[in-house]
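The next block holds one structure in the form of structure tokens; read it before the comments.
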């Protein structure tokens, strides 16, 4: 249970303990204050008393937890938490995007045109070599910057890259990712473009719906061949070799509800060499990925296409 809460709220063990203490103390203060205030209203203890009491504690509870969260250092968490509750019950609405023209190249649901750089979230599950190349490419760019690393493996090496580059991290839990894709969190962080770079989980429909035409992936083979569930890493390269293909390459494509199925944006090829192994092919495919992926992302942001 506590592990699920840590994943859901994206906090460490100490923060979780402080949050739970805030809930407990805030709830106790709310109940105490409600019982002290009810006699002042002069309402007899019947059904009306119960209704008024529920309304009163519902109003007092947010104030109580916000007050208690300050000495516990969790004020920002509870402000965000209460905003989410307000959205769910309809008290607050989602901020509407600013008016503006379509961002060419990133289709269907473009970010509003502003002078701000495009905010990129990189989804990765492994070492993060592609993530590093993308970060390096946009390090001094006014067009875009990587503002979030999303990872489904707490021990993945890409997290070390994020730490070294001072980029915030979102660690995803399987259940919540499959349900919501953390779409609300990504929208709150102002993400404009999602870039998959070795992310092994299937992107859920909720996230695709929230970012239509703004999620791209790179696949280490020439789609539509050698794609689909389970086709990643050395498995792909070995399958290409086993089928005695003369060439392989990379495919950069939009992401839809089916593995490796979305419209292809760009492909680059390399020939298979004599005595090719999955490992040797992987090295040359990585070179193609590092060379082309950051460049194609920039062209998408600029609105230059098709390629």
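Every read-out reported here was derived from the displayed coordinates using simple, explicitly stated rules and does not represent laboratory data. As the structure is a computational prediction, the values presented were derived from the model and not from experiment. As a convention, Cβ positions derive from the backbone with ideal geometry for all residues, glycine included, and neighbour counts pool all protein chains shown.
In this simple spin-label approximation, residue 21 and residue 136 carry label points 7 Å from Cα along the Cα→Cβ vector, and these lie 4.5 nm apart.
Counting 0.36 nm for each residue step from residue 241 to residue 35 and taking away their Cα separation leaves a gain of 66.7 nm. Taken as Cα centroids, segment 166-196 and segment 12-44 sit 32 Å apart, rounded to the nearest whole angstrom. Helix 13-41 and the longest principal axis of the C-alpha atoms of the chain enclose an angle of approximately 30°.
May I ask for log10 I(q)/I(0) of segment 2-88 at q = 0.12, 0.13, 0.20, 0.26 Å⁻¹, from a Debye sum over the Cα atoms as equal point scatterers with solvent left out? Taken in order of the listed q values, log10 I(q)/I(0) reads -0.44, -0.50, -0.92, -1.24.
Roughly what % antiparallel, to the nearest 5, for the DSSP beta bridges in the chain? Please list the in-between numbers first.
Numbers: 11 of 28 bridges.
Once the DSSP bridges in the chain are tallied, antiparallel ones form about 40 percent.
Placing dummy labels 7 Å off each Cα toward the beta-carbon, the span from residue 201 to residue 174 is 1.0 nm.
Full extension of the chain between residue 270 and residue 153 gives 39.0 nm of extra length, using 0.36 nm per residue less the Cα-Cα distance. What is the distance in Å between the Cα centres of segment 250-293 and segment 210-247? Between the Cα centre of segment 250-293 and that of segment 210-247, the gap is 7 Å. Here the gap between residue 187 and residue 302, fully extended at 0.36 nm per residue and compared with their Cα-Cα distance, gives a gain of 39.3 nm.
For residue 43 and residue 209, FRET efficiency with R0 = 45 Å and r from the beta-carbon atoms, rounded to 0.05? Kindly include the intermediate steps, with their values, before the conclusion.
Working: r = 47 Å, r/R0 = 1.04.
That pair, residue 209 with residue 43, gives E of 0.45.
With Rh defined as the Kirkwood radius, the inverse of the mean 1/r over Cα pairs, the Rg/Rh of the chain is 1.10.
Take peptides 242-255, 116-129, 42-55 and line them up by average Cβ neighbours within 10 Å, highest first, as a rough protection proxy.
Numbers: 242-255: 17.2, 116-129: 20.6, 42-55: 10.9.
Top to bottom by mean Cβ count within 10 Å: 116-129, 242-255, 42-55.
Summing -39500 (n - 2.57) over the DSSP H runs of n ≥ 4 in the chain and dividing by its residue number, what mean residue ellipticity at 222 nm do you reach, to the nearest 500 deg cm²/dmol? Could the numbers behind the result be given before it?
Numbers: 11 runs with 144 residues, N = 307.
The helix contribution divided over the chain gives -15000 deg cm²/dmol.
Rounded to the nearest 0.05, the FRET efficiency derived from the C-beta distance between residue 160 and residue 290 at R0 = 25 Å is 0.85. Between residue 257 and residue 14, the FRET efficiency estimated from the beta carbon spacing at R0 = 35 angstrom works out to 0.35.
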